[in-house]
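As structure tokens, the structure follows; a few thoughts come after it.
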Amino acid sequence: MTTVLTALTHRHEAAFVEVLGAASGIELVRRCADLAELLSTGAAGVARVAVVSPDLRGLDRDALRHLAGHGVRVAGLAAPDDEEGERRLRQLGVATLLHPGDGADVVAAALVALADATTSRPVAGTAGTAGPVDHEPLPPPDPRVPTPVTVVWGPTGAPGRTTVAVTLAARLAGSGVRTLLVDLDTWGASVAQLLGLVDEAPGVAAAARASEQGSLDVPGLARLAPEALPGLRVLTGLPRADRWPELRAAAVEDVLRLARGVVDHVVVDTGFALEDDEELSYDTAAPRRNAATLAALEAADRLVVVGAADPVGLQRLVRGVQDVAVLPCPRPLVLVNKVRASAAGPRPERTIREVLGRFAGLEEVRMLPWAPDDCDEAVLTGRALTEVRPRSPLVTALGAVAAELDERCADTSAADRHGRRRRVRV
């Protein structure tokens, strides 16, 4: 028997319950009066499938994720003329839709198949695309190259995560790769300030809110991410750190999924903490402050780990690399930032490579030079490093990293070195 819960508005509940009673192989376990009862009953593990109405109060993406976490697949019940309700359910990720006029055999077949499925999400490309678009459509990303998501992470201590993320994104955009920079730092978002943007803009909070309600699509996400530079869109972070509960894992996953349809490359700036803090909460359904970072790491195609080139920073980097190694994320590309002899001793690059090779087993490490004056000028003027100091050694080094992350980004470091040698000879 396929066990079923319902959480339906009164308009169609009575008729649908009769259909369930006549359906072969279906057992109705409970008729839930509201979302809270549905979530608590689903967490008890008494049913395999839940049927919900699109207008169920409080129904959002996080609620569906909570049910999925307890093995409950979700189907929707919407009237044939309720296009808005059907669209909302699909955008929330509900692929199995029933109608009040469906017969018992149709309902039974759909719910049994859903109970046997591994997920209640739609197939790729079906969610978030329904409904009319009232503006010019976006140019589609290059179909020959899947849109990658590059996540920039680093341990605590301000190793330069955001500076690296902003410069990589600007460098990609400057090479003609349309890029979206997403600020998911729930501890101290600062991308808006670095680029001179208004930090009270809707940004990622509005995108997450729309995703929770099932109203976010690709054009809507693009509207929330204005261009800061030619080819570079920015989804600004939370203007206040205490608003972190607004970024829940399910919404972050959906935002990053839709972001692939906006641009050719997505760069994500994250917070430093990796603890799964849900374990510390008395309520397993409570929001988690680090959920945004963990969800981004899981969605990443490429991972850049940034550490500082001083003794404390290197120790934190070694531990950080060990921490990310046990998470479901790509193998990291490690960058050591702020390399200088005053912090790491004579021949700092050699010393750092020896330390990381010995204590972390890292053979491939990229070094980023110490450039405090260049960074200060960029912050003071609210512009990217690529704008204020395009030939800075730091920009050149990060340009090589960008070329390694995306083959469409030209690496001009060799040309710059050749140009400098030529000018010296003259």
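The values are calculated or read from the model by the stated rules, or taken from the named source; none is laboratory data. Just so it is clear, the structure is predicted and the values come from calculations on it, not from any experiment. Heads up, the Cβs are rebuilt from the backbone with ideal geometry, glycines too, and the neighbour counts pull from every protein chain shown.
If you check Glu86 against the conditions, is it crowded, with 19+ Cβ neighbours inside 10 Å, at pLDDT below 95 and not small (Gly, Ala, Ser)? The answer is yes for Glu86.
Annotation note: of Ala210, Ala291, the sole residue that is within 12 Å of the chain's Cα centre (by Cα) and either assigned by TED's automatic domain parsing to the domain that holds Val355 or among the polar types (S, T, N, Q) (or both) is Ala291. Here Ala397 fits the description: at pLDDT 95 or above, in a helix (DSSP H, G or I) and in contact with a Pro (Cβ under 7 Å, 6 or more places away or on another chain). Just wondering, is there one or more residues in the range 60-78 that are within 20 Å of Pro287 (Cβ to Cβ), of a type in the set (Lys, Arg) and free of Cβ contacts under 8 Å to residues at least 40 places away in the same chain? Looking through the range 60-78, none of the residues is within 20 Å of Pro287 (Cβ to Cβ), of a type in the set (Lys, Arg) and free of Cβ contacts under 8 Å to residues at least 40 places away in the same chain. Taken over the range 308-358, the criterion of being in contact (Cβ under 8 Å) with a residue 24 or more places away in the chain and over 31 Å from the mean Cα position of the chain (by Cα) is satisfied by Pro311, Arg340, Ala343, Ala344, Pro348, Ile352, Val355. Checked across the range 227-236, the condition of being within 16 Å of Val166 (Cα to Cα), surrounded by fewer than 18 Cβ atoms within 10 Å (Cβ to Cβ) and without any contact (Cβ under 8 Å) to a residue 12 or more places away in the chain holds for at least one residue. For Val166, the stated conditions do not hold, so it cannot be described as in contact with a strand residue (DSSP E or B) (Cβ under 6 Å, 6 or more places away or on another chain), at pLDDT 95 or above and assigned by TED's automatic domain parsing to the domain that holds Glu212. Restricted to the range 332-377, and to residues there that are among the β-branched types (Val, Ile, Thr) and assigned to a helix (DSSP H, G or I), the residue that is surrounded by the fewest Cβ atoms within 10 Å (Cβ to Cβ) is Thr351.
Residue-wise test of (1) assigned to a loop (DSSP other than H, G, I, E, B); (2) at pLDDT 95 or above; (3) surrounded by 16 or more Cβ atoms within 10 Å (Cβ to Cβ).
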| position | (1), (2), (3) |
| --- | --- |
| Ser211 | no, no, yes |
| Gly220 | no, no, yes |
| Glu253 | no, no, yes |
| Val268 | no, yes, yes |
| Glu279 | no, no, no |
| Thr284 | yes, no, no |
| Pro287 | yes, no, yes |
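The residues of the range 20-32 that are at negative phi and in contact (Cβ under 8 Å) with a residue 12 or more places away in the chain, listed by number, are Leu20, Ala22, Ala23, Ser24, Ile26, Glu27, Leu28, Val29, Arg30, Arg31, Cys32. Residues in the range 177-198 that are modelled with pLDDT under 95, farther than 13 Å from Asp269 by Cβ and of a type outside the set (Val, Ile, Thr): Gly196, Leu197. Summed over the range 21-34, residues that are under 13 Å from Arg57 (Cα atoms) and either crowded, with 18+ Cβ neighbours inside 10 Å or touching a Lys or Arg at 6+ places or on another chain (Cβ under 6 Å) (or both) total 1.
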